[in-house]
Structure formats: C-alpha cells, structure tokens
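To keep things clear, I will list the structure first and then write my remarks on it.
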Amino acid sequence: MQLRWFTLGLVVLLGLFAGCDQVGQNNPNNPNSPTFTISLNPTSLTVTQGGSGKTRLTVTPGNGFSGTVSLALEGAPQGVTFSPKSVVVGSGPVSQDLTIEVASGTPAGTYNLTLKATSGNLQRTASLTLKVDSGPSFTISLDPTSLTVTQGGSVVTRLTVTPQNNFSGTLTLSLDNPPQGLTLTPQSVTVSSRTVTQELTLATTTNTPVGQYTLTLRAVSGNIQKTATLTLTVNQATTFTVNTASDTIDADPGNGQCADANGNCSLRAAVMEANALKSPTIINIPAGTYTLNRESTVDEQGYDLDLIAPITLRGQGATPADTVITTTNAIV
C-alpha cells in the first residue's frame, strides 16, 4: 500500500514538473521560449490612388519557433488592403512580399501604419509609412490674374498647365458665366507629361457690359477638373457721335475729341480721331446720308475712310437703310 501511494505521488509530482516546464516554454518573457522577430524592407511606400506597392516581410524564428503567423495592418485608411494575411514559418527565416492595394477613392496623404504579426500569445510589430498620391492629374495657373480691357478690345493672360503623375491628354477650357460678348480662345490645350504654357485671349465686343467680373477658368479632362480665378475689368469704349453731314477732317487727331475746325464731329473726323487713339471706338451715326467728297492725296483726309483702329460704326436709324454712307470718288 505504501509503495502504491509513493508511486502515485511520484507520477503526480513529475506531471507538475512537466506542466511547469511547458508553461515556461510558452511564456514570451522566458528567454528560452520559442519566439520570432519581424522586419520590413522598405519601411516607406508611395502608391498612387488605384495602384499597389510591395514591401518585403522577413520573419526570423528563434529558440525553435515554427508555426503560422497571422498578419494585420493597423492605422490603414479606408480603401487600403494588403495580402497575404499570414505566413508559415519553419526552421529558418522566411521572406514574404506583402502587396499593399490602394483604392482609387482613398484620400491622398501620408499614413503611419503598423504591421502586427501574431502567433499564439506572441506578438510583434513593425512600422510602415504609406504615402498615397493622387492619380494622373494636373494643376493650372494664370498670369496675370487681373486684366483690364476696353469694350471691343481683347487682352491676353498666360495659362500654365503642370501635369502630375505622368498625366497627358487634352484639356477643354471654358469660362463660367462670362458676360455678354466675351469669348475665350483657344478652347483647348494638349499636355504631354511636361509643363505647358499657353496664351489665352479674352475678347470683348462693343456690347459687352461695362463692369468688373470675377471669372472662373475651368479646365476639364475626363473626370478631372481644375479651376483658376481671373478678374476682368471692362471699361467703356470711346464713343463719338456724329453731328454733321459735312465731310470735314479732325482738327487735332489724338487729343481724345472728335472736332473739326468748326468744333463739329463729322464721320471722317471721328474715324481720324479713333485711328489716332488706337483703341476700340464706337461711332454713332444718326440717320441720314453721309457723302465722302473730299479730294486729297493725304491718307484719312480724302476719298475713302481708312479704318485702322478697332472701330464700330453704329447707324442710329430705325433700319439699316436709314443711315447711308456714300462717296463721289470711290467705294467705301
């Protein structure tokens, strides 16, 4: 009986020692316990929206560790996934490519991520910096961003298109809510992976309302839209009103006044003054017949009318036939 109890006690005691030894082997704080370490190379990735990148995970076992290590990625923004989700470790180090997928809707920015590797009660981490770039795109700018033009005139600003992430394509250009009579040319520009500069001409008519306008230039390519703001001031065009049917010359071209020797504004005098000013000019002509009958070899002073500047002739009659310009010497 005593021998039986001794034997039973010895077995229990050995079992307790074995249990204690097993607990020690599973304790991650035990330097002799199976363990592993992890590392990433590279530790920083740049991925374009809708694209993917790779980093290499190395798992190094220690103290006879072997088994499956589960992987998780913490701190990832919406739309970022990775694979594979686990790696099997044998007797030696294991290297595994991890693929980081970035959805097209993932916000651009820099993210500090943590790769967590777990096996049983063992857990290891490694840091990964992920920079999400927008897909192929472009930026636009204007110089100057403030312009002044006279009714009937035009001005130029320079558009610069800077491609990003190998963007190339044709941009359609337009102005949002332009005032009456304002046009833009050209209405497209082609970009091929390099910065492009293009002069844009904004032309007004004599009917474009006077005032200051905040315009939005819109550049569109597919689903990409960029805008730039432009301030345009439209000044009133110089206006002369004819008050005599006589074919007289301007007394002092360039002084800003339509006046012949008698102080009257004839059609010829108005044209001569407009030519001298070299700016858009509106000449209002009351209903009637205006005969060009001067005989002179000096340009502008005889025979015909020399329209050199941007001049708009406006007949004031109810119908075009009410205002007639004719000549006794040549066809106008």
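The values are calculated or read from the model by the stated rules, or taken from the named source; none is laboratory data. Computed from a predicted model, the values in this text were never measured in an experiment. Neighbour counts run over all protein chains shown; Cβ positions are idealised from the backbone, glycine included. Heads up: the accessible areas ignore ligands, DNA and RNA and are worked out on the full protein's heavy atoms, side chains in. Shrake-Rupley method; radii C 1.70, N 1.55, O 1.52, S 1.80 Å.
Could you list, ordered by first residue, the pairs with Cβ atoms under 7 Å in which the first is in the stretch 267-278 and farther than 14 Å from Pro310 by Cβ and open to solvent by less than 10 Å² (accessible area, probe 1.4 Å) and the second is assigned to a helix (DSSP H, G or I) and modelled with pLDDT under 95, at least 6 apart or interchain?
Listed pairs, sorted by first residue: none to list.
Counting residues that are open to solvent by less than 70 Å² (accessible area, probe 1.4 Å) and among the hydroxyl-bearing types (Ser, Thr, Tyr), which strands (runs of 3 or more DSSP E) fully inside the stretch 191-263 reach at least 2? Spell out how you get there, then give the answer.
Values: elements: 196-203, 211-221, 224-235, 238-241.
In the stretch 191-263, 211-221, 224-235, 238-241 are the strands (runs of 3 or more DSSP E) which contain 2 or more residues that are open to solvent by less than 70 Å² (accessible area, probe 1.4 Å) and among the hydroxyl-bearing types (Ser, Thr, Tyr).
Only residues that are over 15 Å from Ser246 (Cβ atoms) and either open to solvent by 40 Å² or more (accessible area, probe 1.4 Å) or part of a helix (DSSP H, G or I) (or both): list them for the stretch 279-299, please.
Ala287, Thr297, Val298, Asp299
I need the full set of residues from the stretch 244-271 which are within 22 Å of Thr323 (Cα to Cα) and among the acidic types (Asp, Glu), in order please. Break it down into steps so the answer makes sense when it comes.
Applying the first criterion (within 22 Å of Thr323 (Cα to Cα)) to the stretch 244-271 yields 244-250, 258-260, 264-271.
Residues satisfying the conditions are Asp247, Asp250, Asp260.
Only residues that are under 23 Å from the mean Cα position of the chain (by Cα), of a type in the set (Gly, Ala, Ser) and assigned to a strand (DSSP E or B): list them for the stretch 115-163, please.
Answer for the stretch 115-163, where residues must be under 23 Å from the mean Cα position of the chain (by Cα), of a type in the set (Gly, Ala, Ser) and assigned to a strand (DSSP E or B): Ser137, Ser141, Ser146.
Hey, can you tell me all the residues within the stretch 29-51 that are loosely packed, with under 15 Cβ neighbours inside 10 Å and modelled with pLDDT under 95?
Of everything in the stretch 29-51, those that are loosely packed, with under 15 Cβ neighbours inside 10 Å and modelled with pLDDT under 95 turn out to be Asn29, Asn30, Pro31, Asn32, Thr46.
Which condition breaks for Ser188 when tested against (1) over 30 Å from Leu313 (Cα atoms); (2) in contact with a helix residue (DSSP H, G or I) (Cβ under 8 Å, 6 or more places away or on another chain); (3) of a type in the set (Gly, Ala, Ser)?
Only one criterion in (1) over 30 Å from Leu313 (Cα atoms); (2) in contact with a helix residue (DSSP H, G or I) (Cβ under 8 Å, 6 or more places away or on another chain); (3) of a type in the set (Gly, Ala, Ser) is unmet by Ser188, namely (2).
Taking the stretch 204-228, which residues are touching a residue at least 12 places away in the same chain (Cβ under 8 Å) and closer than 18 Å to Val189 by Cα?
Going residue by residue through the stretch 204-228, those that are touching a residue at least 12 places away in the same chain (Cβ under 8 Å) are 204-222, 224, 226-228.
Thr216, Leu217, Arg218, Ala219, Val220, Ser221, Gly222, Ile224, Lys226, Thr227, Ala228, listed by residue number.
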